[in-house]
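S.K.: Please find one structure pasted underneath; my questions will follow.
The values are calculated or read from the model by the stated rules, or taken from the named source; none is laboratory data. Keep in mind the model is a prediction, meaning the values are calculated, not measured. All Cβ positions, even for glycine, are placed from backbone atoms using ideal geometry, and neighbour counts span all protein chains on display.
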Amino acid sequence: MRIAFINQRWGAGAGRCVTDLHDRLSKRHEVVFFPREGVGEIPTTILDGLKAFQPDVVNCHSYYGEQPYSLLAEISSRYPVCYTVHDPRPIGTMEVVCWECDRNTSCLRCPLVRTRWQKIFQNPFFAERLRKRITHLRCRGDMQVVSPSRWLAERLEQQELRRFQIHAIPNGVDLEHFKPRTPERERFGLPRDATILLHVAWHLGWQVNDRKGLPLLAEVFIQHIAPQYPNAILAVAGENFVPNHPQVRPLGMVEQTDLPHLLAASDLYISATLADNLPYTVTEAMAAGKAVVASKVGGIPEQVVDGLNGRLVPPKDAGALASAILDLIGSPELLRIYGKAGRERAEELFGMDAFISAYENLFLKMARGGKS
């Protein structure tokens, strides 16, 4: 089978997902990736490359960051397309309010646009939403849409994307790579006798990633956790800026090869995200056998079951977040029980083999013209 992937490779979840697919499926199939290295890709050169390759399936994988959105319809008119969606941009923007907004059928009631006059005449989201709607209507009806979570799949089914078959295929992680292991805290400059709370969020740019909830988590840690636990440390990996506090440790970007060791060095993983889909970091913490405290948003309840492998708290609720953290770090036995349950849940639902097989089977069915 010949498979073409279209995605801007970068460090966020969509890049991780498509890289795993590309690297593992290329062992059994003929695979190409766009944009190609060293080629200044524009829609014309991508279409020329696809024509030369003649793919059986094209996976437009959350590609819309740099290519014009209308390219989706153009590719769909020529080849069987699997469109993987990792965030609400096809029906909105990356603004936090768009993640669970019930008004983005047209965006005419967008809460980000204040006055009625502006909503009608100056709403930048309305025009963009209309262009995307037109693109969706131009796509071939046999296009397949994939979401990593049931939550986002249901969001898409409420919009015009319901005309396509929508699948929920959760992201997979390498369970062997993230297996629980002996802590090596010295590797990261973390003291052996400290209680380590870990937050990981990849971010590009020179500003704090507000959506991932670091400002809220830092406030909770400094005001509620540190005073009660003077030996507690909040370790932050992947963010550009962290609070200047003696118990907050900035670790900078951590390579995937080192991430399992960092998770092993921690006692509790925390995701105070304000909006999210099915974050890799939560699944990786579960695979590493760590209890998780996370916001009850997006697809996270599909990962963390409250009272089974962690705690879920309302987003933006500092009191609930502080209470959940304090409850867990005050009970080493509960941390152990939740961590064990998290590893078992990761093995059951988020293994790499099942993830690759689900995509491969979908691609094979598409290449056969939808016939099983």
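S.K.: Can you tell me which residues in region 239-251 are over 22 Å from residue 318 (Cβ atoms) and part of a loop (DSSP other than H, G, I, E, B)?
M.R.: Scanning region 239-251 gives a single hit, 240.
S.K.: To continue, here is another question. Looking at region 173-199, I want the residues that are in contact (Cβ under 8 Å) with a residue 40 or more places away in the chain and have a partner that is of a type in the set (Ser, Thr, Tyr) and in a loop (DSSP other than H, G, I, E, B) with Cβ atoms under 8 Å, at least 6 apart or on another chain. Which pairs are those?
M.R.: Close Cβ pairs satisfying both conditions: 195/229; 196/266; 197/266; 198/266.
S.K.: Output the number of residues of region 65-85 satisfying the condition of being buried (at least 22 other Cβ atoms within 10 Å of the Cβ) and either over 15 Å from residue 143 (Cα atoms) or of a type in the set (S, T, N, Q) (or both).
M.R.: Of the residues in that region, 2 qualify.
S.K.: Has region 79-98 got any residue that is of a type in the set (A, V, I, L, M) and under 23 Å from residue 44 (Cβ atoms)?
M.R.: Checked against the condition, which is being of a type in the set (A, V, I, L, M) and under 23 Å from residue 44 (Cβ atoms), region 79-98 yields at least one hit.
S.K.: Working only within region 127-152, note down all residues that are more than 24 Å from the chain's Cα centre (by Cα) and assigned to a loop (DSSP other than H, G, I, E, B).
M.R.: Correct list: 139, 140, 141, 142.
S.K.: Out of everything in region 1-51 that is among the acidic types (Asp, Glu) and under 22 Å from residue 353 (Cβ atoms), what residue ends up being modelled with the highest pLDDT? Walk me through it before giving the result.
M.R.: Filtering region 1-51 for residues among the acidic types (Asp, Glu) gives 20, 23, 30, 37, 41, 48.
Next, from what is left, pick out any that are under 22 Å from residue 353 (Cβ atoms): 20, 23, 30.
Details: 20: 93, 23: 93, 30: 97.
Filtering region 1-51 for residues that are among the acidic types (Asp, Glu) and under 22 Å from residue 353 (Cβ atoms), the one modelled with the highest pLDDT comes out as 30.
S.K.: Which numbered condition trips up residue 197, out of (1) among the aliphatic types (A, V, I, L, M); (2) at pLDDT 95 or above; (3) touching a Lys or Arg at 6+ places or on another chain (Cβ under 7 Å)?
M.R.: (3)
S.K.: Within the group 102, 87, which residue is in a loop (DSSP other than H, G, I, E, B), touching a residue at least 60 places away in the same chain (Cβ under 8 Å) and not aliphatic (A, V, I, L, M)? So that I can check it myself, show each step before the final result.
M.R.: Numbers: 102 fails: touching a residue at least 60 places away in the same chain (Cβ under 8 Å).
87 is the lone residue from the list that is in a loop (DSSP other than H, G, I, E, B), touching a residue at least 60 places away in the same chain (Cβ under 8 Å) and not aliphatic (A, V, I, L, M).
S.K.: Also: Look through region 29-40, keep the residues that are in contact (Cβ under 8 Å) with a residue 12 or more places away in the chain and part of a loop (DSSP other than H, G, I, E, B), and return whichever of them is surrounded by the most Cβ atoms within 10 Å (Cβ to Cβ).
M.R.: Step by step, filter region 29-40, then rank; the result is 35.
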